[in-house]
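Here is the structure we will look at.
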Amino acid sequence: MSTYPIYLDYNATTPCDQQVVDAMLPYFSEHFGNASSKAHAHGWYAEDAVSQARQQVASLIGADAKEIIFTSGATESVNLAIQGLAQLHATRGKHIITVATEHKAVLDVCAHLQWQGYEITYLPVDQFGMIALEQLEDSIRKDTILIAAMYANNETGVIHPVADIGRIAQQHSIPFFCDATQAVGKIPVDVYADCIDMMAFSAHKMYGPKGVGALFIKKRNPLLDISPLVFGGGHERKLRSGTLNVPGIVGMGKAAELCNSMMASEAKRLTDFRDVFWKEIGSIEGVQWNGHKVQSLSHVANICFTMEGGDKLIKMLSKYMSVSSGSACSSAAVEPSHVLKSMGLSDAKAHSSIRFSFGRFTTLQEMMTAIEAIKKTLSRLS
Ligand SMILES: Cc1ncc(COP(=O)(O)O)c(C=O)c1O
(Lines give C-alpha, C1' and ligand atoms only; values in the text may rest on other atoms or scores of the structure.)
Protein backbone atom coordinates (compact mmCIF):
# COMPACT_ATOMS: atom_id res chain seq x y z
CA MET A 1 0.00 0.00 0.00
CA SER A 2 1.43 3.42 -0.98
CA THR A 3 1.31 6.16 1.62
CA TYR A 4 -0.19 9.55 0.74
CA PRO A 5 0.79 12.03 -0.48
CA ILE A 6 2.68 10.38 -3.34
CA TYR A 7 5.48 12.58 -4.66
CA LEU A 8 5.03 13.22 -8.38
CA ASP A 9 6.81 16.56 -8.68
CA TYR A 10 10.35 15.50 -9.58
CA ASN A 11 10.74 18.49 -11.93
CA ALA A 12 10.38 20.84 -8.97
CA THR A 13 13.07 19.04 -7.00
CA THR A 14 14.32 15.52 -6.38
CA PRO A 15 15.09 13.82 -3.08
CA CYS A 16 18.79 13.46 -2.36
CA ASP A 17 19.96 9.95 -3.17
CA GLN A 18 21.18 8.25 0.04
CA GLN A 19 24.53 7.56 -1.66
CA VAL A 20 24.84 11.31 -2.23
CA VAL A 21 24.08 12.05 1.44
CA ASP A 22 26.66 9.45 2.52
CA ALA A 23 29.29 11.01 0.27
CA MET A 24 28.58 14.50 1.63
CA LEU A 25 28.43 13.78 5.36
CA PRO A 26 32.19 13.64 6.14
CA TYR A 27 32.66 17.07 4.56
CA PHE A 28 30.52 18.82 7.18
CA SER A 29 32.60 17.88 10.20
CA GLU A 30 35.50 15.45 9.71
CA HIS A 31 36.84 17.03 6.48
CA PHE A 32 35.62 20.57 7.00
CA GLY A 33 38.61 22.34 5.43
CA ASN A 34 38.38 25.36 3.17
CA ALA A 35 39.20 24.28 -0.38
CA SER A 36 41.14 27.53 -0.86
CA SER A 37 43.46 26.97 2.12
CA LYS A 38 46.62 26.16 0.22
CA ALA A 39 48.97 25.84 3.19
CA HIS A 40 47.70 22.81 5.06
CA ALA A 41 46.31 19.29 4.81
CA HIS A 42 42.74 20.24 5.76
CA GLY A 43 42.61 22.57 2.78
CA TRP A 44 44.26 20.08 0.42
CA TYR A 45 41.77 17.39 1.39
CA ALA A 46 38.83 19.66 0.60
CA GLU A 47 40.46 20.84 -2.63
CA ASP A 48 40.96 17.22 -3.75
CA ALA A 49 37.29 16.47 -3.08
CA VAL A 50 36.24 19.50 -5.14
CA SER A 51 38.57 18.43 -7.97
CA GLN A 52 37.03 14.98 -8.01
CA ALA A 53 33.52 16.42 -8.06
CA ARG A 54 34.47 18.80 -10.88
CA GLN A 55 35.64 15.80 -12.88
CA GLN A 56 32.46 13.82 -12.12
CA VAL A 57 30.24 16.74 -13.17
CA ALA A 58 32.29 17.40 -16.31
CA SER A 59 32.11 13.72 -17.35
CA LEU A 60 28.32 13.80 -17.23
CA ILE A 61 28.17 16.48 -19.93
CA GLY A 62 31.23 15.63 -22.03
CA ALA A 63 33.22 18.63 -20.77
CA ASP A 64 36.67 19.17 -19.35
CA ALA A 65 36.87 19.69 -15.57
CA LYS A 66 38.42 23.13 -16.16
CA GLU A 67 35.22 24.21 -17.90
CA ILE A 68 33.03 23.82 -14.78
CA ILE A 69 32.28 26.74 -12.44
CA PHE A 70 30.42 25.82 -9.26
CA THR A 71 27.59 28.14 -8.23
CA SER A 72 24.62 28.10 -5.85
CA GLY A 73 22.25 26.64 -8.45
CA ALA A 74 20.90 27.05 -11.94
CA THR A 75 19.42 30.50 -11.29
CA GLU A 76 22.82 31.88 -10.39
CA SER A 77 24.46 30.08 -13.33
CA VAL A 78 21.90 31.59 -15.71
CA ASN A 79 22.50 35.07 -14.27
CA LEU A 80 26.25 34.71 -14.49
CA ALA A 81 26.16 33.49 -18.08
CA ILE A 82 23.68 35.97 -19.53
CA GLN A 83 24.41 39.08 -17.49
CA GLY A 84 28.13 38.34 -17.38
CA LEU A 85 28.29 38.07 -21.17
CA ALA A 86 25.94 40.98 -21.85
CA GLN A 87 28.03 43.31 -19.69
CA LEU A 88 31.30 42.58 -21.48
CA HIS A 89 29.90 42.49 -24.99
CA ALA A 90 27.69 45.58 -24.93
CA THR A 91 30.06 47.39 -27.29
CA ARG A 92 29.64 44.62 -29.91
CA GLY A 93 25.87 44.65 -29.69
CA LYS A 94 22.87 44.61 -27.41
CA HIS A 95 20.60 42.07 -29.04
CA ILE A 96 19.78 38.73 -27.42
CA ILE A 97 17.56 35.95 -28.78
CA THR A 98 15.67 33.68 -26.42
CA VAL A 99 12.46 31.63 -26.35
CA ALA A 100 9.04 32.55 -24.95
CA THR A 101 8.84 29.33 -22.91
CA GLU A 102 12.12 29.69 -21.02
CA HIS A 103 12.20 29.40 -17.24
CA LYS A 104 11.75 32.65 -15.32
CA ALA A 105 15.42 32.50 -14.41
CA VAL A 106 16.19 33.32 -18.05
CA LEU A 107 13.14 35.48 -18.83
CA ASP A 108 13.60 37.72 -15.80
CA VAL A 109 17.30 38.25 -16.53
CA CYS A 110 16.36 39.19 -20.10
CA ALA A 111 13.66 41.56 -18.82
CA HIS A 112 16.23 43.17 -16.55
CA LEU A 113 18.64 43.61 -19.46
CA GLN A 114 15.83 45.03 -21.59
CA TRP A 115 15.30 47.63 -18.92
CA GLN A 116 19.02 48.46 -19.23
CA GLY A 117 18.65 49.08 -22.96
CA TYR A 118 19.24 45.66 -24.49
CA GLU A 119 16.86 44.34 -27.15
CA ILE A 120 15.43 40.87 -26.66
CA THR A 121 13.75 38.72 -29.31
CA TYR A 122 11.43 36.10 -27.79
CA LEU A 123 10.99 33.26 -30.27
CA PRO A 124 7.44 31.89 -30.26
CA VAL A 125 6.63 28.17 -30.03
CA ASP A 126 3.99 26.11 -31.81
CA GLN A 127 1.16 24.17 -30.14
CA PHE A 128 3.64 21.42 -29.20
CA GLY A 129 6.06 23.84 -27.55
CA MET A 130 8.64 23.65 -30.35
CA ILE A 131 10.50 26.57 -31.93
CA ALA A 132 10.98 26.96 -35.70
CA LEU A 133 14.66 26.97 -36.62
CA GLU A 134 13.99 29.23 -39.64
CA GLN A 135 12.58 31.81 -37.25
CA LEU A 136 15.73 31.60 -35.19
CA GLU A 137 17.88 32.17 -38.30
CA ASP A 138 15.68 35.06 -39.39
CA SER A 139 16.00 36.73 -35.98
CA ILE A 140 19.80 36.84 -36.06
CA ARG A 141 21.20 40.35 -36.55
CA LYS A 142 24.64 41.89 -36.79
CA ASP A 143 24.34 43.06 -33.19
CA THR A 144 23.16 39.71 -31.76
CA ILE A 145 25.50 38.80 -28.92
CA LEU A 146 23.79 35.72 -27.50
CA ILE A 147 21.27 32.97 -28.22
CA ALA A 148 19.71 31.55 -25.05
CA ALA A 149 17.51 28.46 -25.39
CA MET A 150 16.70 25.77 -22.86
CA TYR A 151 17.39 22.06 -23.38
CA ALA A 152 14.14 20.66 -21.99
CA ASN A 153 11.15 22.55 -20.70
CA ASN A 154 10.46 22.30 -16.97
CA GLU A 155 6.67 22.37 -17.37
CA THR A 156 6.07 20.16 -20.41
CA GLY A 157 9.32 18.19 -20.73
CA VAL A 158 9.55 19.24 -24.40
CA ILE A 159 13.10 18.84 -25.71
CA HIS A 160 14.41 21.53 -28.07
CA PRO A 161 16.57 20.69 -31.13
CA VAL A 162 19.60 21.88 -29.20
CA ALA A 163 22.31 20.61 -31.57
CA ASP A 164 20.61 22.40 -34.49
CA ILE A 165 20.34 25.62 -32.48
CA GLY A 166 24.01 25.26 -31.51
CA ARG A 167 25.09 24.77 -35.12
CA ILE A 168 23.17 27.84 -36.26
CA ALA A 169 24.78 29.87 -33.48
CA GLN A 170 28.21 28.55 -34.44
CA GLN A 171 27.72 29.37 -38.14
CA HIS A 172 26.99 32.97 -37.16
CA SER A 173 29.75 33.12 -34.50
CA ILE A 174 27.21 33.87 -31.79
CA PRO A 175 27.64 32.27 -28.35
CA PHE A 176 24.93 29.76 -27.45
CA PHE A 177 23.82 29.54 -23.83
CA CYS A 178 21.61 26.61 -22.81
CA ASP A 179 19.64 26.22 -19.59
CA ALA A 180 19.85 22.44 -19.26
CA THR A 181 18.57 22.22 -15.68
CA GLN A 182 15.87 19.69 -16.50
CA ALA A 183 17.91 17.67 -19.01
CA VAL A 184 21.25 17.02 -17.32
CA GLY A 185 21.23 13.66 -15.58
CA LYS A 186 17.99 12.62 -17.31
CA ILE A 187 19.04 12.39 -20.95
CA PRO A 188 22.51 12.25 -22.54
CA VAL A 189 23.90 15.78 -22.87
CA ASP A 190 27.18 16.38 -24.68
CA VAL A 191 28.16 20.04 -24.78
CA TYR A 192 30.56 19.55 -27.70
CA ALA A 193 28.23 17.46 -29.86
CA ASP A 194 25.44 19.96 -29.11
CA CYS A 195 27.66 23.00 -29.90
CA ILE A 196 26.80 24.57 -26.53
CA ASP A 197 29.10 27.38 -25.36
CA MET A 198 27.68 27.92 -21.88
CA MET A 199 25.29 25.69 -19.95
CA ALA A 200 23.54 26.00 -16.58
CA PHE A 201 22.38 23.11 -14.42
CA SER A 202 21.58 22.29 -10.84
CA ALA A 203 22.28 19.48 -8.35
CA HIS A 204 18.82 19.31 -6.77
CA LYS A 205 17.17 18.32 -10.05
CA MET A 206 19.35 15.21 -10.29
CA TYR A 207 19.17 13.69 -6.81
CA GLY A 208 21.82 15.98 -5.35
CA PRO A 209 21.54 18.68 -2.66
CA LYS A 210 19.84 22.06 -2.97
CA GLY A 211 21.92 25.23 -3.15
CA VAL A 212 24.60 24.00 -5.54
CA GLY A 213 24.80 24.13 -9.31
CA ALA A 214 27.24 24.61 -12.14
CA LEU A 215 27.96 26.71 -15.18
CA PHE A 216 29.83 25.12 -18.06
CA ILE A 217 31.90 27.64 -20.02
CA LYS A 218 33.65 26.34 -23.10
CA LYS A 219 37.34 27.13 -23.01
CA ARG A 220 39.31 28.64 -25.84
CA ASN A 221 36.49 30.78 -27.14
CA PRO A 222 37.31 34.51 -26.96
CA LEU A 223 33.62 35.32 -27.45
CA LEU A 224 32.98 33.78 -24.07
CA ASP A 225 34.67 36.38 -21.91
CA ILE A 226 32.21 37.02 -19.13
CA SER A 227 32.23 39.38 -16.22
CA PRO A 228 31.73 38.06 -12.69
CA LEU A 229 28.65 39.20 -10.81
CA VAL A 230 30.14 38.57 -7.38
CA PHE A 231 33.59 39.94 -6.53
CA GLY A 232 35.88 38.85 -3.72
CA GLY A 233 38.57 36.24 -3.31
CA GLY A 234 38.71 35.27 -6.99
CA HIS A 235 37.43 31.72 -6.56
CA GLU A 236 36.28 29.64 -9.52
CA ARG A 237 38.60 31.21 -12.10
CA LYS A 238 37.71 34.67 -10.74
CA LEU A 239 34.14 34.22 -11.95
CA ARG A 240 32.41 33.34 -8.70
CA SER A 241 34.05 34.54 -5.52
CA GLY A 242 33.16 33.08 -2.15
CA THR A 243 34.22 30.07 -0.08
CA LEU A 244 33.25 26.90 -1.87
CA ASN A 245 30.33 24.84 -0.59
CA VAL A 246 32.46 21.71 -0.32
CA PRO A 247 29.78 19.26 0.97
CA GLY A 248 27.33 20.50 -1.67
CA ILE A 249 29.89 20.23 -4.45
CA VAL A 250 30.87 16.71 -3.33
CA GLY A 251 27.15 15.84 -3.38
CA MET A 252 26.73 17.24 -6.87
CA GLY A 253 29.71 15.21 -8.04
CA LYS A 254 28.32 11.99 -6.57
CA ALA A 255 24.87 12.76 -8.01
CA ALA A 256 26.44 13.27 -11.44
CA GLU A 257 28.31 9.97 -11.19
CA LEU A 258 25.12 8.11 -10.25
CA CYS A 259 23.15 9.71 -13.09
CA ASN A 260 25.90 8.77 -15.52
CA SER A 261 25.57 5.11 -14.61
CA MET A 262 21.79 4.93 -14.12
CA MET A 263 20.45 7.28 -16.78
CA ALA A 264 19.66 4.75 -19.50
CA SER A 265 17.87 2.23 -17.29
CA GLU A 266 16.03 4.96 -15.42
CA ALA A 267 14.77 6.58 -18.63
CA LYS A 268 13.53 3.21 -19.87
CA ARG A 269 11.69 2.47 -16.62
CA LEU A 270 10.11 5.92 -16.52
CA THR A 271 9.05 5.75 -20.17
CA ASP A 272 7.16 2.55 -19.34
CA PHE A 273 5.56 4.27 -16.33
CA ARG A 274 4.51 7.28 -18.34
CA ASP A 275 3.00 5.03 -21.02
CA VAL A 276 0.92 3.20 -18.41
CA PHE A 277 -0.11 6.52 -16.88
CA TRP A 278 -1.20 8.00 -20.21
CA LYS A 279 -2.99 4.81 -21.29
CA GLU A 280 -5.12 5.02 -18.14
CA ILE A 281 -5.61 8.78 -17.85
CA GLY A 282 -5.49 9.70 -21.55
CA SER A 283 -8.49 7.52 -22.33
CA ILE A 284 -10.75 9.61 -20.07
CA GLU A 285 -12.98 11.99 -22.02
CA GLY A 286 -11.87 15.62 -21.82
CA VAL A 287 -8.23 14.83 -21.09
CA GLN A 288 -5.54 16.34 -23.34
CA TRP A 289 -1.76 16.04 -23.57
CA ASN A 290 0.18 19.32 -23.40
CA GLY A 291 3.44 19.33 -25.33
CA HIS A 292 5.22 17.04 -27.74
CA LYS A 293 4.64 13.30 -27.42
CA VAL A 294 8.02 12.21 -28.80
CA GLN A 295 10.50 15.10 -28.35
CA SER A 296 9.98 15.04 -24.63
CA LEU A 297 11.51 13.91 -21.34
CA SER A 298 10.20 10.46 -20.54
CA HIS A 299 9.32 11.22 -16.92
CA VAL A 300 7.04 14.22 -17.52
CA ALA A 301 3.33 14.26 -18.35
CA ASN A 302 1.62 17.66 -18.54
CA ILE A 303 -2.08 17.02 -18.83
CA CYS A 304 -5.06 19.30 -19.33
CA PHE A 305 -8.34 18.28 -17.72
CA THR A 306 -10.80 20.21 -19.87
CA MET A 307 -13.96 18.92 -18.15
CA GLU A 308 -16.13 21.14 -15.92
CA GLY A 309 -14.30 21.72 -12.64
CA GLY A 310 -10.89 20.65 -14.05
CA ASP A 311 -9.33 23.76 -12.51
CA LYS A 312 -10.27 22.48 -9.03
CA LEU A 313 -8.62 19.13 -9.57
CA ILE A 314 -5.13 20.03 -8.39
CA LYS A 315 -6.47 21.20 -5.03
CA MET A 316 -8.60 18.09 -4.63
CA LEU A 317 -5.65 15.86 -5.51
CA SER A 318 -3.32 17.41 -2.95
CA LYS A 319 -4.28 14.97 -0.19
CA TYR A 320 -3.26 12.08 -2.44
CA MET A 321 -0.26 13.43 -4.33
CA SER A 322 2.19 16.30 -4.73
CA VAL A 323 1.96 17.59 -8.28
CA SER A 324 2.42 20.97 -9.89
CA SER A 325 0.21 23.30 -11.84
CA GLY A 326 3.16 24.92 -13.58
CA SER A 327 6.60 26.06 -12.60
CA ALA A 328 7.12 25.55 -8.87
CA CYS A 329 9.60 28.41 -8.89
CA SER A 330 6.80 30.85 -9.71
CA SER A 331 3.99 29.08 -7.90
CA ALA A 332 3.52 32.06 -5.57
CA ALA A 333 1.87 33.73 -8.55
CA VAL A 334 -1.58 32.54 -9.57
CA GLU A 335 -1.21 33.62 -13.18
CA PRO A 336 -1.69 30.90 -15.76
CA SER A 337 1.54 29.28 -16.94
CA HIS A 338 3.36 31.41 -19.55
CA VAL A 339 4.59 28.18 -21.13
CA LEU A 340 1.13 26.78 -21.77
CA LYS A 341 -0.16 30.16 -22.89
CA SER A 342 2.71 30.44 -25.38
CA MET A 343 1.56 27.09 -26.79
CA GLY A 344 -1.87 28.59 -27.44
CA LEU A 345 -3.82 27.32 -24.42
CA SER A 346 -6.52 29.59 -23.03
CA ASP A 347 -6.26 30.84 -19.43
CA ALA A 348 -8.95 28.34 -18.44
CA LYS A 349 -7.12 25.40 -20.02
CA ALA A 350 -3.82 26.47 -18.50
CA HIS A 351 -5.45 26.62 -15.05
CA SER A 352 -6.85 23.11 -15.62
CA SER A 353 -3.45 21.62 -16.49
CA ILE A 354 -1.33 19.55 -14.15
CA ARG A 355 2.30 18.54 -14.43
CA PHE A 356 3.05 15.01 -13.22
CA SER A 357 6.77 14.25 -13.05
CA PHE A 358 8.11 10.88 -11.99
CA GLY A 359 11.59 9.91 -10.85
CA ARG A 360 14.13 7.48 -9.48
CA PHE A 361 12.12 6.55 -6.40
CA THR A 362 8.65 6.37 -7.99
CA THR A 363 7.32 2.82 -7.80
CA LEU A 364 4.82 1.08 -10.04
CA GLN A 365 2.54 0.70 -7.06
CA GLU A 366 2.64 4.47 -6.45
CA MET A 367 1.80 5.04 -10.11
CA MET A 368 -1.19 2.74 -9.94
CA THR A 369 -2.39 4.30 -6.66
CA ALA A 370 -2.07 7.77 -8.20
CA ILE A 371 -4.05 6.71 -11.27
CA GLU A 372 -6.83 5.35 -9.06
CA ALA A 373 -6.87 8.55 -6.97
CA ILE A 374 -7.14 10.72 -10.09
CA LYS A 375 -10.01 8.61 -11.46
CA LYS A 376 -11.81 8.69 -8.12
CA THR A 377 -11.38 12.46 -7.82
CA LEU A 378 -12.53 13.06 -11.40
CA SER A 379 -15.70 11.07 -10.76
CA ARG A 380 -16.46 13.44 -7.89
CA LEU A 381 -16.17 16.44 -10.21
CA SER A 382 -19.12 15.36 -12.33
C1 LIG B 1 14.62 24.98 -16.50
C2 LIG B 1 15.01 25.54 -15.17
N3 LIG B 1 15.94 26.49 -15.10
C4 LIG B 1 16.33 27.03 -13.92
C5 LIG B 1 15.79 26.59 -12.73
C6 LIG B 1 16.28 27.19 -11.43
O7 LIG B 1 17.06 26.23 -10.77
P8 LIG B 1 17.62 26.42 -9.29
O9 LIG B 1 16.52 26.02 -8.39
O10 LIG B 1 18.80 25.50 -9.18
O11 LIG B 1 18.03 27.84 -9.15
C12 LIG B 1 14.79 25.61 -12.75
C13 LIG B 1 14.12 25.19 -11.51
O14 LIG B 1 12.96 24.82 -11.51
C15 LIG B 1 14.40 25.06 -14.00
O16 LIG B 1 13.49 24.09 -14.08
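The values are calculated or read from the model by the stated rules, or taken from the named source; none is laboratory data. A quick note: this is a predicted structure, and the numbers were derived from the prediction, not measured. Note: ideal-geometry Cβ built from the backbone for every residue, glycine included; neighbour counts use all protein chains shown. These area figures cover heavy atoms from the full protein model, side chains too; ligands, DNA and RNA do not enter into them. Shrake-Rupley method; radii C 1.70, N 1.55, O 1.52, S 1.80 Å.
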For Glu372 the rounded accessible area (nearest 10 Å², probe 1.4 Å, non-protein molecules ignored) is 110 Å²
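For region 1-153, what percent of Cα pairs sit more than 26 Å apart?
That fraction is 49 percent.
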Principal axis extents for the chain, Cα atoms only, whole Å, descending order, please. 68, 54, 33
Compute the long axis of helix 162-171 from its Cα atoms, compare it with the longest principal axis of the Cα atoms of the chain, and write down the angle in degrees, 0 to 90, nearest 10. 40 degrees
Between the helical axis of 246-282 and the dominant principal axis of the chain, each derived from Cα atoms, what acute angle in degrees is found, rounded to the nearest 10? 20 degrees
Counting only DSSP beta bridges with both residues in region 18-257, tell me the antiparallel percent, nearest 5. 40 percent
Helix-only [θ]222 nm of the chain, DSSP H runs n ≥ 4, -39500 (n - 2.57) each, per residue, nearest 500: -12000 deg cm²/dmol
Where does helix 104-115 land angle-wise versus the long Cα axis of the chain, in degrees 0 to 90, nearest 10? 60 degrees
Just reorder Trp115, Trp44 by solvent-accessible area, largest first, 1.4 Å probe, all chains present. Trp115, Trp44
Rounded to the nearest 10 Å², what accessible area does Arg240 have for a 1.4 Å probe in the complete protein model? 50 Å²
With +1 at each Lys and Arg Cβ and -1 at each Asp and Glu Cβ, the charge dipole magnitude of the chain around its Cα centre, to the nearest 20 debye, comes out at 300 debye
GNM of the chain, Cα pairs under 10 angstrom: of Thr243, Thr75, Thr181, the biggest fluctuation goes to Thr243
Members of Lys38/Lys186; Lys142/Lys218; Lys254/Lys349; Lys205/Lys315; Lys104/Lys319 lying beyond 31 Å, as alpha-carbon distances in this model show: Lys38/Lys186; Lys254/Lys349
For Val184, the accessible surface traced by a 1.4 Å probe with all protein chains present amounts, in square angstrom to the nearest 10, to 0 Å²
